[in-house]
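J.: Let me give you the structure first, and then I'll get to my questions.
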Amino acid sequence: MVEFSLWDILRNLLLAARWTVLLSLIAFAGGALVGSLLLLARLSRKRPLEWFCAIYVKLFQGTPLLMQLFLIYFGMALIGVETTPWSAAVIALTLYSSAFLSEIWRGCIKSIPKGQWQAADSLALGFFDQLRYVIGPQAIKISIAPTVGFMVQAIKATALASVIGFVELTKAGTMISNATFKPFVVFTCVGALYFSLCYPISWYSKRVELKYSLKH
Amino acid sequence: MNVQLDLGAVFSEWPLLLKGIFLTTFMIVVSGALGVLLGCVLAWMSSQNRGAQRAIASLYIEVLRNTPFIVQLFFIFFGLPSLGIKLSPLAASMLAMTINLSAYSAEILRAGIESIPKGQLQAAKSLALKPLQTYTNIVLPQAFKNTWPALVSQIVIVMLGSSVCAQISTEELSYAANLIQSRNFRAFEAFFVATVAYLVLSLIVRSFLDRVIAKLIFKDTHG
């Protein structure tokens, strides 16, 4: 039997962590893109669109991400699209992130006083100009802290991709733990790696929030 | 393209589903109560001026908030036995859910505690209440009231997260779905039914906490 040193374990986990980072970045970027479309639809003042977005968000926030992953993984196969754990994870995490991000941003926009919209209206600005010049700049400031905070949630969410067989940090941890019979060491390292990815982001998010709340 | 869904094949295994739903509910009831309780203790520790207590509480909270639930679960179930702590899948799941919820609810409650006007604490002091009495009788009820919606959301999030517990073979709802699909190969349908069940459960838990429990807790606080 080959003996695994702590460095061997850590090195292999670090290699796998690259996939966690990549998946998080893609999920976050994809989620931001789809999330902005949802946000626009939700602000469009058209009933059917608003309803669609509200139900979309409720569905993704009211069901487990793991089930969403399974449904997309098996659902794609069912309609004849070839699935890989990677593609299923990217799609599921993108949709999941988009629901959360659009909801976060909607909250930020809602917190802008109504008078701002009315003032923009009275300046005869169109909907997009109102968003771009009046509401957007104010809402973006408020949204930085929760958006960065969501990034932590996105990183942690990628751990579930391990369940459908995508080899990222958690899956690598399970595999190494099975090979080395050192689950305590391995999962401590896995946890420490997630922590070192997430904590700086959490810390930054908190700092931004504090800075903002002190100004008001 | 011809897709046929056979939900009947899943519903015919209803005793398994029912058992899964029951266990998921049981887990969140116990872990929900214990997690929030532990969260109150942690929030108390981190609102103290004693450095050590505060440092321990914030280390605990930050570690749990910045690692995925599934890793916490694996650590408890696979890792702890090497320290001689062997837990059954169900016990490990409930422990993981409890400590996970405790960290988040401590953070939520801490925010609620900070928003309580200073005058309340001074009034409590002038009535010669001890710090712990002040905390349980004055601070905590108000903090609960201010943060109840956030606490409810967090409990629902932990319940949905518990679907991961099937990975250590806890026989909850997603385990039932997995078992059913291994019997009839109707994977999509099995997970679809389980997903709908989770959605309904989350609505029930939410309205139960908002209507029944909130009334019980807040019946004698005013405002």
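J.: List the trypsin sites (Lys or Arg not before Pro) in the range A:42-149 that DSSP assigns to loop (not H, G, I, E or B) and whose Cβ has at most 16 other Cβ atoms within 10 Å. Which are they? Intermediate values should be presented prior to the final figure.
T.: Details: sites: A:Arg42, A:Arg45, A:Lys46, A:Lys58, A:Arg106, A:Lys110, A:Lys114, A:Arg132, A:Lys141; in loops: A:Arg45, A:Lys46.
Of the trypsin sites (Lys or Arg not before Pro), the ones in loops of the range A:42-149 whose Cβ has at most 16 other Cβ atoms within 10 Å are A:Arg45, A:Lys46.
J.: Which links in A:Lys211/B:Lys118; A:Lys206/B:Lys118; B:Lys19/B:Lys145; A:Lys206/B:Lys145; A:Lys206/B:Lys219 stretch past 26 Å when you go from one Cα to the other? Write out the running numbers ahead of the final one.
T.: Details: A:Lys211/B:Lys118 22 Å; A:Lys206/B:Lys118 23 Å; B:Lys19/B:Lys145 34 Å; A:Lys206/B:Lys145 23 Å; A:Lys206/B:Lys219 34 Å.
Over 26 Å Cα-Cα: B:Lys19/B:Lys145; A:Lys206/B:Lys219.
J.: What distance in nm separates the two pseudo spin-label positions at A:Gln116 and A:Leu40, each 7 Å out from Cα along the beta-carbon direction?
T.: 2.0 nm
J.: I've got another one for you. What is the pair-distance distribution P(r) of the range A:1-113, computed from all Cα-Cα distances in 5 Å bins starting at 0, with each bin given as a whole percent?
T.: Computed distribution, short to long bins: 2, 11, 15, 17, 16, 12, 9, 7, 4, 3, 2, 1, 0, 0.
J.: If each Cα of the range B:12-54 is one equal point scatterer, what is log10 of I(q)/I(0) from the Debye formula at q = 0.30, 0.34 Å⁻¹?
T.: With one equal scatterer per Cα and no solvent, log10 I(q)/I(0) is -0.91, -1.00.
J.: Can you tell me the orientation of helix B:140-161 relative to chain B, as the angle in degrees between its alpha-carbon axis and the longest Cα principal axis, to the nearest 10?
T.: 20 degrees
J.: Nearest 10 degrees is fine. How inclined is helix A:85-110 to the longest principal axis of chain A, computing both from alpha carbons?
T.: Long axis of A:85-110 versus the principal axis of chain A: about 30 degrees.
J.: When Rg is the radius of gyration of the Cα atoms in the range B:143-223 and Rh is its Kirkwood radius, what does Rg/Rh come to?
T.: Working: Rg = 16.6 Å, Rh = 14.4 Å.
Here Rg/Rh amounts to 1.15.
J.: Let me understand the protein assembly as shown better: what is its radius of gyration from the alpha carbons, and its Dmax, in angstrom?
T.: Computed over the Cα atoms of the protein assembly as shown, radius of gyration and Dmax are 23.1, 77 Å.
J.: Here's a follow-up. Between A:Ser87 and B:Ser182, what is the FRET efficiency for a Förster distance of 30 Å, r being their Cβ-Cβ separation, to the nearest 0.05? Mind dumping the intermediate values first?
T.: Numbers: r = 23 Å, r/R0 = 0.78.
Given R0 = 30 Å and the Cβ-Cβ separation, E is 0.80.
J.: Show me, for the range B:194-209, the HN-Hα J-couplings you get by feeding each phi into the Karplus relation (A = 6.51, B = -1.76, C = 1.60, θ = phi - 60°), rounded to Hz, glycine and proline as x.
T.: Going residue by residue, I get 4, 4, 4, 4, 4, 4, 5, 4, 5, 5, 5, 4, 4, 6, 5, 5 Hz, with x marking Gly and Pro.
J.: Can you figure out the FRET efficiency of A:Asn178 with A:Tyr199, using R₀ = 25 Å and their beta-carbon distance, to the nearest 0.05?
T.: 0.35
J.: What does the range A:52-171 give for Rg and for Dmax, in Å, if only its C-alpha atoms count?
T.: Taking only Cα atoms of the range A:52-171, I get Rg and Dmax of 18.4, 56 Å.
J.: Follow-up. Let me check against my output: what whole-number percent is the relative contact order of chain B, with C-alpha pairs under 8 Å and at least 6 apart?
T.: Taking the mean separation of contacting Cα pairs over the length of chain B, I get 30 percent.
J.: Also: Going through the range B:146-223, which chymotrypsin sites (Phe, Trp or Tyr not before Pro) have at most 14 other Cβ atoms within 10 Å and a DSSP loop state? Let's see the in-between values first.
T.: On the way: sites: B:Tyr175, B:Phe185, B:Phe188, B:Phe191, B:Phe192, B:Tyr198, B:Phe208, B:Phe218; in loops: B:Phe185.
Answer by residue number: B:Phe185.
J.: Over the range A:6-215, what number does the Rg to Rh ratio reach, with both radii from the alpha-carbon atoms and Rh per Kirkwood?
T.: Value, to two decimals: 1.06.
J.: Something else now. When the Cα atoms of the range B:7-218 are enclosed in a convex hull and the volume is divided per residue, what value in Å³ results?
T.: Cα-based convex hull of the range B:7-218, divided per residue, equals 126 Å³.
J.: Longest span of chain B, sites excluded, free of trypsin sites (Lys or Arg not before Pro) in DSSP loop with at most 14 other C-beta atoms within 10 Å?
T.: The longest such stretch corresponds to B:87-218.
J.: Using only Cα atoms, find the angle between the long axis of helix B:89-114 and the longest principal axis of chain B, and express it within 0 to 90 degrees, rounded to the nearest 10.
T.: The angle comes out at about 40 degrees.
J.: So what is the relative contact order of chain A, in percent, for Cα pairs below 8 Å that sit 6 or more residues apart? Show your work: numbers first, answer last.
T.: Values: 212 pairs, mean separation 62.3, N = 216.
Worked out over chain A, it gives 29 percent.
J.: Moving on. Amide H of B:Arg186 versus every other amide H placed in the peptide plane: which residues, excluding those fewer than 5 positions away on the same chain, fall under 5 Å?
T.: none
Every number in this text was worked out from the coordinates using simple rules, so none of it is lab data. What you see is a predicted model, and the numbers here were worked out from it, not measured in a lab. Here Cβ is always computed from backbone atoms with ideal geometry, including for glycine, and neighbour counts include all displayed protein chains.
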